[in-house]
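Heads up, the thing below is written out as structure tokens.
The values are calculated or read from the model by the stated rules, or taken from the named source; none is laboratory data. Keep in mind the model is a prediction, meaning the values are calculated, not measured. For neighbour counting, all protein chains shown are included, and Cβ atoms are generated from backbone atoms with ideal geometry for every residue, glycine included.
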Amino acid sequence: MSDPVLALLNEKGIAFTISGKDYVIRCLNPEHDDSNPSCRVDRVSGITHCFACGFKRNLFKHFGVFSNHSSIRVAKLKEKLNELKKSTIDLEMPAGATPYTQPYRNIGVSTLRKFDVFYTHSVEELADRIVFPVRDVMGRNVVFVARHALSNGNPRYVNYPRGVQIPLFPVVLEEKYSSIILVEGIMDMLNLYDKGIHNAVACFGTSTLKGAVSEKLLPFKAQGVTKIYIMFDGDTAGREAAKELKPLIEECGFEVQNIDLPDDSDPGDLGQEDVDSIKEYIK
């Protein structure tokens, strides 16, 4: 299969070496005299990252090249996605896992069943918690995210097992969408889904996303998503996080738009009328 990143490097006369799955070139930052090449280029997405000065840029966007390589890049992205499919283990559902049969907070039973939400007492770390199976692109259980059943329970969330890189949730959309709404927490996503927005995706906090933006958004690019709305909590922390994340997502080739919520509100508490307004806005 042809390599659009390699073709662009050769077209522009950019010298490179190969290190693992990356090309290494001199930094594209005009203010950085990179005599010892320290800029890595992802061989699939074309995302560059200089580890000396921190400069990041999409190679195609940098040179104003888009349409000529788009179909090939999607094919390459799907190829990389197939590699990821082979690398994930499948966790078994815990013994005694019992589906929720009543609403939780303001989320209906049908939505909880849709995402196989359960409770169990057979695993100590999951006891007294509502548990959400988080799955990869193949539908395999990667990790269980468990929220304490009590509002003042501590810690509020635990991941089981620990130390697993969590994909976005859900990582596979139920139908074809050209856009997604990125929210912070799983309850935010479930509330929006329950009220009719079925392209909401939870990132489980911006700190887990910022270090792997390209990799975590890869499945959505392969599904044809071209635009991402960021809708975080309506507080200072949420707005600053959205502002910081926006250019990182744009570097991955997505159009990005922030949706600012009213002060002290969050997507997990929005009522039906508010969700309907958002649904109409993003049409």
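Below are the figures for this structure:
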read-out: Test result for residue 95, among the small types (Gly, Ala, Ser) and closer than 18 Å to residue 157 by Cα; value: no
read-out: Within the range 151-171, considering residues that are in contact with a helix residue (DSSP H, G or I) (Cβ under 7 Å, 6 or more places away or on another chain) and over 20 Å from residue 114 (Cβ atoms), the one surrounded by the fewest Cβ atoms within 10 Å (Cβ to Cβ); value: 158
read-out: Given (1) at pLDDT below 85; (2) in a loop (DSSP other than H, G, I, E, B); (3) among the charged types (D, E, K, R), index of the condition residue 92 fails; value: (1)
read-out: Candidates 136, 128, filtered to the one that is in contact (Cβ under 8 Å) with a residue 24 or more places away in the chain and at positive phi; value: 128
read-out: Qualifying positions in the range 137-192 - polar (S, T, N, Q), in contact with a Lys or Arg (Cβ under 7 Å, 6 or more places away or on another chain) and over 18 Å from residue 249 (Cβ atoms); value: 141
read-out: Single residue of 174, 184, 244, 255 found to be under 28 Å from residue 144 (Cβ atoms), surrounded by fewer than 14 Cβ atoms within 10 Å (Cβ to Cβ), touching a residue at least 24 places away in the same chain (Cβ under 8 Å) and not assigned by TED's automatic domain parsing to the domain that holds residue 138; value: 174
read-out: Residue in the range 189-198 that is touching a Gly at 6+ places or on another chain (Cβ under 6 Å) and surrounded by 21 or more Cβ atoms within 10 Å (Cβ to Cβ) present; value: yes
read-out: Flag if residue 276 is more than 17 Å from the chain's Cα centre (by Cα), at positive phi and either outside the structural domain of residue 44 (by TED's automatic domain parsing) or touching a residue at least 60 places away in the same chain (Cβ under 8 Å) (or both); value: no
read-out: Single match in 74, 65 (criterion: β-branched (Val, Ile, Thr), modelled with pLDDT under 90 and outside any loop (DSSP other than H, G, I, E, B)); value: 74
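Conditions tested, residue by residue: (1) assigned to a loop (DSSP other than H, G, I, E, B); (2) closer than 19 Å to residue 250 by Cβ; (3) assigned by TED's automatic domain parsing to the domain that holds residue 213.
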| residue | (1), (2), (3) |
| --- | --- |
| 9 | no, no, no |
| 14 | yes, no, no |
| 18 | no, no, no |
| 28 | yes, yes, no |
| 35 | yes, no, no |
| 52 | yes, no, no |
